[in-house]
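For reference, the structure is listed below as structure tokens.
The values are calculated or read from the model by the stated rules, or taken from the named source; none is laboratory data. Treat the numbers as computed from the prediction; the structure is a model and nothing was measured. Note that each Cβ is placed from the backbone with ideal geometry, even for glycine, and that neighbours are counted across all protein chains shown. Please note that ligands, DNA and RNA were not included when accessible areas were found on the heavy atoms of the full protein model with its side chains. Shrake-Rupley method; radii C 1.70, N 1.55, O 1.52, S 1.80 Å.
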Amino acid sequence: MPYSSGSMFHLSKFIPFAVIFLLTCFSAQGQFSSNHWYFGEGAGLDFSGGTPQPLVNGALHSIESCASYTDKSGNLRAYAHGGQVWNTSHGVMANGSGLAGDISASQGALFIPSPANPNELYLFTLDQFGGPQGLRYSIIDLNKQGGLGAVVSKNNPLAIEMGEQLAAYKNKDGSYWIVAHSNQSDVFKAFKLDYNGLNTQAVISRTGPVDQSGVGCMAISNDGAFLGISFRGMHTYALCDFDPSTGTVSNAIGLGSNLYRGYGIAFSPDSRKIYTQQSRSQEPGGQQNSAAILQYDLTVARNIIIHSRVLVGLVGVQYPGAMQLAPDGKIYVARFNSSTLGVIHKPNETAAAAKYVDLQQSLRTNLVLMGLPNFPTNDVLPEPLINLEDACEEDRTTLHASRLVAIDSVQWLIADHAGQNIFKQTGNPAYFTFPKYGHYVTQLIFYRGEFHDTITKSVQVFAQPYVDLGQDTLLCPNDVLALEVNHAWMQGDSTVFFSWQNGNPLPIYKADKPGTYIIEVRNRCGTAKDSIHIEWRKPPAVWLGNDTIICSGETLTLKASLPYPDSKIIWSTGSTDPQITATEERYIQATVTDICGTAKDDIVINWEKLPDFTKRMNWFIENRPELASYISFCPFTDEHNHRILAIPSKRRLGKIFAYLFD
């Protein structure tokens, strides 16, 4: 697409004037990527504590190019300019001299970590003014030299005849686009670094003006939608579309043709505004020692973006330097040859509400020249932190996020172990009651303007203590009952403690005697108690009585006691009922069993052959005492007492028996 500016676009030659270039520093790893800045004449800043603190221990001295790298643990690992790299001890890294970049290239150094290897670091360098060294890369192994690192591959060529503009963008899959601009051309070249390594085949895009000086800066918006570039010698800026999925740059429009000596460029954290500069020394009646910081609204129609320009503030130097978004959400402005930086405190706001303060950030006695660190914009701001530790079921839990730097809004999502979303709420903090113990996934979606991203944290929800020893019970003598606390709810909980009535700390207790057993279980979520009472149960028993006689026509009912639900009986007749009826002469046995053992008994039932005679005799004994004198009782040796009814007298009966048995 042809380049347009909304007004006549002028291609004016860059006229050297005490030629000054941009110093750029880059570090990586999102969460802490830009915590350490080294730039200028031994200057530096440390953002690790949130509020920047001046650093005076740097060995770097550079007019423009520089880079720094902080690992994901927040440790400085390396910093460099286009010609040399230093280690974390501020000594020159092994094989770290003789890099092909130039200290006077605007963005002549850039660190990018390997997506595939956290201990491998790429350093991209640029020559100045489209010089013969062009764009090159070196590879650093951070494990070498006892962790101080070493350059293991140096000055590998990527492209020649390049300008001094260099930017990078981190994709959601962890890969990076490294974008540079050709000198004396309208060509953008994008190189992709992903898990397979660096693709040295560039994605070529043609848009915007032909760069006639090679001096300037480049930045990509946080949402990846825009790319901005300055052409200092041409006194103009261009705003382009950027496609992170392909690395292509397109649809350039001009932001004005009168941005004299414009150099630094930056996007607001919400990607809705772009900031440029303009030296005022060439304006009629302009101030020789001031420059304007200008702001454009990217939310308006494309053809009127240029007309949305407003003044944000004035920099108290004739030629302002780089502008760089920092981890605190502010944009810092280089003030050439100064020991202080300017600061745009609220870059998402409009015009004066953005609150630019000149002479804001002290560098102590060290000086900034033209440069400030140039990180991939979406790898600068700290990633929000989900402040949610392991929780307890049925407790109201606070969902809180910190490090919400330049974030407009957040939304919480919680999914259960099956992946089903069970909670959705906007705002910080939010509150949720986890219904049951187990594993949950908490997501925080955060928004910076149109850009949004998601961070995830796994949460282990622990159970409220629960214990159930069961109902009071009976034990067979000499039996042992293992009392055990159900372990299902305890999985993964290292804070579970047990205490029985005698101080036993184990989850299993062997009860071997009658008594009351008490368990207390506690963890981080609370305490639970239970008890059980145990008594001995009687062993099985059965007694059917003595052997007996029943008269013909009579019945005998035999019963066995079955005191427990598990008690069972089987009779020799085959019956399993607790009661049977005997109707004839026979031998009967009963066997009673339960969990405590077996008991047996038997009975012999005889059948009386003369039932009517016996009844009559017993009636006479009870009701006719005058006849009882004729009843003779003759004891036999068996167990039964037999009576004989005799008509003769006792004396005569005796003689008869004597005769019979002689």
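Looking at the structure I just gave you, is residue 292 outside any loop (DSSP other than H, G, I, E, B) and in contact with a Pro (Cβ under 8 Å, 6 or more places away or on another chain)?
no
Name every residue in the stretch 405-426 that is open to solvent by less than 60 Å² (accessible area, probe 1.4 Å) and either at pLDDT below 90 or not in a strand (DSSP E or B) (or both), in order of residue number.
405, 406, 407, 416, 419, listed by residue number.
Considering only the stretch 196-209, I want to know if a residue exists there that is touching a residue at least 12 places away in the same chain (Cβ under 8 Å), within 27 Å of residue 260 (Cβ to Cβ) and touching a Leu at 6+ places or on another chain (Cβ under 7 Å).
Yes, that holds for at least one residue.
Looking at the structure I just gave you, is residue 30 modelled with pLDDT of 95 or more and either at positive phi or among the hydrophobic types (A, V, I, L, M, F, W, C) (or both)?
No: the conditions fail for residue 30.
Residues are listed down the side, and each one gets a yes or a no for (1) open to solvent by 20 Å² or more (accessible area, probe 1.4 Å); (2) on the phi > 0 side of the Ramachandran plot; (3) among the β-branched types (Val, Ile, Thr); (4) assigned to a strand (DSSP E or B):
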| position | (1), (2), (3), (4) |
| --- | --- |
| 49 | yes, no, no, no |
| 56 | yes, no, yes, no |
| 63 | yes, no, yes, no |
| 95 | yes, yes, no, yes |
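Against the condition farther than 17 Å from residue 128 by Cα and either at pLDDT below 95 or open to solvent by 10 Å² or more (accessible area, probe 1.4 Å) (or both), how does residue 207 come out, does it pass?
Answer is no for this residue.
From 385, 372, 399, which residue is at pLDDT below 95, among the aliphatic types (A, V, I, L, M), under 30 Å from residue 122 (Cα atoms) and surrounded by 19 or more Cβ atoms within 10 Å (Cβ to Cβ)?
372
Quick one: which of 228, 174, 197 is of a type outside the set (Asp, Glu) and buried (at least 19 other Cβ atoms within 10 Å of the Cβ)?
Exactly one residue qualifies, and that residue is 228.
Among the residues of the stretch 144-159, is any outside any strand (DSSP E or B), surrounded by fewer than 23 Cβ atoms within 10 Å (Cβ to Cβ) and small (Gly, Ala, Ser)?
Taking every residue of the stretch 144-159 in turn, at least one turns out to be outside any strand (DSSP E or B), surrounded by fewer than 23 Cβ atoms within 10 Å (Cβ to Cβ) and small (Gly, Ala, Ser).
Every residue in the stretch 343-377 that is among the hydroxyl-bearing types (Ser, Thr, Tyr) and under 35 Å from the mean Cα position of the chain (by Cα), please.
377
Condition first: of a type outside the set (Val, Ile, Thr) and in contact with a Gly (Cβ under 8 Å, 6 or more places away or on another chain). Now tell me which residues in the stretch 217-232 satisfy that.
Result: 217, 218, 219, 221, 222, 223, 230, 231, 232.
Go over the candidates 317, 343, 333 one by one and state the one that is closer than 15 Å to residue 359 by Cβ, open to solvent by less than 10 Å² (accessible area, probe 1.4 Å), in contact with a Lys or Arg (Cβ under 6 Å, 6 or more places away or on another chain) and not in a helix (DSSP H, G or I).
343
Is it true that some residue in the stretch 116-126 is closer than 16 Å to residue 369 by Cβ, open to solvent by 20 Å² or more (accessible area, probe 1.4 Å) and either modelled with pLDDT under 95 or touching a strand residue (DSSP E or B) at 6+ places or on another chain (Cβ under 6 Å) (or both)?
no
Among the residues of the stretch 300-314, which ones are touching a helix residue (DSSP H, G or I) at 6+ places or on another chain (Cβ under 9 Å) and assigned to a loop (DSSP other than H, G, I, E, B)?
Within the stretch 300-314, just 300 meets the criteria.
Select from the stretch 115-132 the residues that are over 26 Å from the mean Cα position of the chain (by Cα) and hydrophobic (A, V, I, L, M, F, W, C) and list them in ascending order.
121, 123, 124, 126, 129, listed by residue number.
Only residues that are open to solvent by 50 Å² or more (accessible area, probe 1.4 Å) and outside any strand (DSSP E or B): list them for the stretch 516-536, please.
524
Looking at (1) of a type in the set (A, V, I, L, M, F, W, C); (2) open to solvent by less than 20 Å² (accessible area, probe 1.4 Å); (3) not in a loop (DSSP other than H, G, I, E, B), find the lone condition where residue 105 falls short.
(3)
Taking the stretch 127-143 only, how many residues are open to solvent by 10 Å² or more (accessible area, probe 1.4 Å), farther than 14 Å from residue 86 by Cα and not in a loop (DSSP other than H, G, I, E, B)?
2
Is it true that some residue in the stretch 359-367 is open to solvent by less than 20 Å² (accessible area, probe 1.4 Å) and closer than 30 Å to residue 109 by Cα?
Yes, because at least one residue in the stretch 359-367 is open to solvent by less than 20 Å² (accessible area, probe 1.4 Å) and closer than 30 Å to residue 109 by Cα.
When both residues are 6+ apart or on different chains and their Cβ atoms are under 8 Å apart, which pairs have a first residue that lies in the stretch 49-64 and is in contact (Cβ under 8 Å) with a residue 60 or more places away in the chain and of a type in the set (Val, Ile, Thr), and a second that is open to solvent by 40 Å² or more (accessible area, probe 1.4 Å) and part of a loop (DSSP other than H, G, I, E, B)?
Partner pairs satisfying both residue conditions: 56/364; 56/365; 63/103.
Regarding residue 414, is this residue among the β-branched types (Val, Ile, Thr), closer than 30 Å to residue 269 by Cα and under 14 Å from the mean Cα position of the chain (by Cα)?
Criteria met by residue 414.
Since residue 240 meets every condition but one in (1) at pLDDT below 95; (2) open to solvent by less than 20 Å² (accessible area, probe 1.4 Å), which condition does it not meet?
The single condition residue 240 does not satisfy is (1).
Any chance the stretch 275-285 includes a residue that's under 17 Å from residue 235 (Cα atoms) and within 42 Å of the chain's Cα centre (by Cα)?
yes
Output the residue which, of all residues in the stretch 35-47 that are in contact with a Ser or Thr (Cβ under 8 Å, 6 or more places away or on another chain) and either assigned to a loop (DSSP other than H, G, I, E, B) or open to solvent by 60 Å² or more (accessible area, probe 1.4 Å) (or both), is farthest from residue 385 (Cα to Cα).
Looking at residues that are in contact with a Ser or Thr (Cβ under 8 Å, 6 or more places away or on another chain) and either assigned to a loop (DSSP other than H, G, I, E, B) or open to solvent by 60 Å² or more (accessible area, probe 1.4 Å) (or both), I get 40.
It is to be established whether one or more residues within the stretch 155-162 are of a type outside the set (A, V, I, L, M) and under 30 Å from residue 454 (Cα atoms).
Within the stretch 155-162, not a single residue is of a type outside the set (A, V, I, L, M) and under 30 Å from residue 454 (Cα atoms).
For the stretch 77-87, does any single residue satisfy the condition of being open to solvent by 50 Å² or more (accessible area, probe 1.4 Å) and either over 23 Å from residue 215 (Cα atoms) or not hydrophobic (A, V, I, L, M, F, W, C) (or both)?
no
Look at residue 116 and say whether it is touching a residue at least 60 places away in the same chain (Cβ under 8 Å), assigned to a loop (DSSP other than H, G, I, E, B) and of a type in the set (A, V, I, L, M, F, W, C).
yes
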